[in-house]
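Taken together, the values in this text are just the output of simple stated rules run on the coordinates, not laboratory data. Worth saying up front: this structure is predicted, and the values here are computed from it rather than measured. Every residue, glycine among them, receives a Cβ derived from its backbone with ideal geometry; neighbour counts consider all protein chains shown.
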Amino acid sequence: MAQIIDGKKISQEIKDELREKVASLKEEGKEAALAVIQVGNDPASGVYVGNKKKACAYIGIRSLSYELPEETTEEELLALIEKLNGDASVNGILVQLPLPSHIDEDKVIRTISPKKDVDGFHPENVGKLVIGEPGFVSCTPAGIIQLLKRSGIEIAGKNCVVIGRSNIVGKPMALLMLRENATVTIAHSRTQDLKEVCKRADILIVAIGKPRFITADYVKEGAVVIDVGIHRNENNKLCGDVAYDEVMPHTSAITPVPGGVGPMTIAMLMNNCVESMLMY
Ligand code: NAD
C-alpha cells in the first residue's frame, strides 16, 4: 500500500511550530514582518498573495501589503524595494511573480537584499546553496525536503531523478537532494530516453509542467514519487504532472495534487521569514 504524503497536515505542523516560535520571540520583544508586493491585478497572483497574508496572520508575522498598479515603472518598484531593504523592521521582501512585461524580473530579484530574500531567488542565496552555506532556499524545493523527512523517507544514498531544471524548482531541488546525500540525476526537455532514466529513480521528483505526463511506465516499482505540477484539467479539477491514479499503486509513497507539495510552499516562506529575523 502506498503511503499518501499529506502535505496539508505536514504544512500545518510547520505553521504551528512557527506560531509557537513567533509567540516566544514576541515575548522577547522581537516581531517578524514580511513585505508583500504585487504589481497589477492578475487574479492568480491575487489569490497567492492573499494566501501568504493569511498565513502571516495565523503565525503572527506582521504583513505589509503593497498593491501597485499595472503601470508602475521599474524605477518606482526598485525604489520601493530599496526603501524596504533599508527598513530594519522588515525581515522579508516578497515580490509576487510574474511581473508586467515592462519590468525586468531579474533586476528586481537582484535588487532585493539577499538578507531579506525570503523566496531564495537572489544569486547570492543560490550561490550559497551550491557551496553548502546557510542562506535562503527556494520555498517549493525546501518544502519537498521537509515532506520527505517528516514522512520518514530515507534520502541518503538513494537514486533521485529530478525532472525539470528551472531556477525556482528543478535546479535548487537537485542541489538540496545532493546536500542530503542522494545520487542525483537532472532530466529535462533534451534528455534522451526519459522513461529509462526515470525507471532508475528510488525517488522521482517531477517538475515538468505538463499535466499527467508521468504514467506508470516511467516509475520503478516501489519508488517514492513527488509531484510538483499544478494544472486544471478539462473539468476544472486540479491535477499534477503525474497520472496519480495509475502511478500510485506502483509507489511506496506519493504526493497527491492538491494536498501534496502545494501547501508546503507557503509554510516554507513563513519559515524563511522567521529565519531571517533570527539570522540577521
Ligand atoms: P518550467 O516550465 O520553468 O520548467 C519545466 C521543466 O521541465 C524545464 O526545465 C524543462 O526542461 C522540463 N521539461 C519540459 N518538457 C519536458 C519533457 N518532455 N521531458 C523532460 N523534461 C521536460 O516549470 P517550473 O516553474 O519548474 O514548474 C514546474 C511545475 O511545477 C509547473 O506545473 C508549476 O505550475 C508547478 N509549480 C508548483 C509549485 C508549488 O508550490 N506546488 C511551485 C512552483 C511550480
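Cut-off is 10 Å between beta-carbons; in what order do GLU71, GLU31 appear when sorted fewest neighbours first? Working shown, then result.
On the way: GLU71 10, GLU31 14.
By the 10 Å Cβ count, ascending, the order reads GLU71, GLU31.
Would the chain count as rounded, prolate or oblate if I go by the C-alpha gyration tensor, calling it rounded below 1.5 in a/c and otherwise prolate when a/b exceeds b/c, oblate otherwise? Taking the square roots of the gyration eigenvalues as a ≥ b ≥ c, the chain is prolate.
Quick one: compute the contact order of the chain, relative version, from alpha carbon pairs under 8 angstrom and 6+ residues apart, as a percent. Intermediate values should be presented prior to the final figure.
Numbers: 539 pairs, mean separation 60.6, N = 280.
Relative contact order for the chain comes out at 22 percent.
Between the C-alpha center of region 209-238 and that of region 49-69 there is a gap of 31 Å. Sorted ascending by nearby beta carbons within 10 Å, beginning with the fewest, ASP104, ASP117 become ASP104, ASP117.
Counted residue by residue at 0.36 nm each, then reduced by the alpha carbon distance between them, the extension gain from HIS188 to SER89 reaches 31.5 nm. Phi-derived couplings, Karplus 6.51 cos²θ - 1.76 cosθ + 1.60 at θ = phi - 60°, listed residue by residue for region 194-208: 4, 4, 5, 5, 5, 5, 7, 7, 7, 10, 10, 10, 10, 9, 9 Hz, with x used for Gly and Pro. If the segment from GLU70 to ASN159 were pulled out straight at 0.36 nm per residue, it would be longer than the present Cα-Cα gap by 27.5 nm.
So which of LYS30/LYS171; LYS53/LYS116; LYS116/LYS210 end up more than 24 Å apart by C-alpha? Could you put the intermediate results ahead of the total?
Working: LYS30/LYS171 34 Å; LYS53/LYS116 17 Å; LYS116/LYS210 32 Å.
Pairs exceeding the cut-off: LYS30/LYS171; LYS116/LYS210.
Listed by Cβ neighbour count within 10 Å, with the fewest neighbours leading, LEU178, LEU77, LEU278, LEU34 appear as LEU278, LEU178, LEU77, LEU34. So for the pair THR215, ARG200, with labels modelled 7 Å out along Cα→Cβ, what separation do we get in nm? In this crude label model, THR215 to ARG200 measures out at 2.4 nm.
Extending 7 Å from Cα along the Cβ direction at SER45 and again at LEU238 yields two label points whose distance is 2.1 nm. Helical runs (DSSP H, four residues minimum) scored at -39500 (n - 2.57) apiece and divided by the length of the chain put the mean residue ellipticity at 222 nm at -12500 deg cm²/dmol. Largest mean-square fluctuation among ALA23, ALA253, ALA174, in a Gaussian network model of the chain whose springs join Cα atoms under 10 Å apart, belongs to ALA23. Using C-alpha pairs below 8 Å separated by at least 6 residues, the relative contact order for region 1-114 is 31 percent.
Please state the shape class of region 70-217: rounded when a/c is under 1.5, otherwise prolate if a/b exceeds b/c and oblate if not, all from the C-alpha gyration tensor. Mind dumping the intermediate values first?
Details: a/c = 2.83, a/b = 1.77, b/c = 1.60.
It comes out prolate by the Cα gyration axes.
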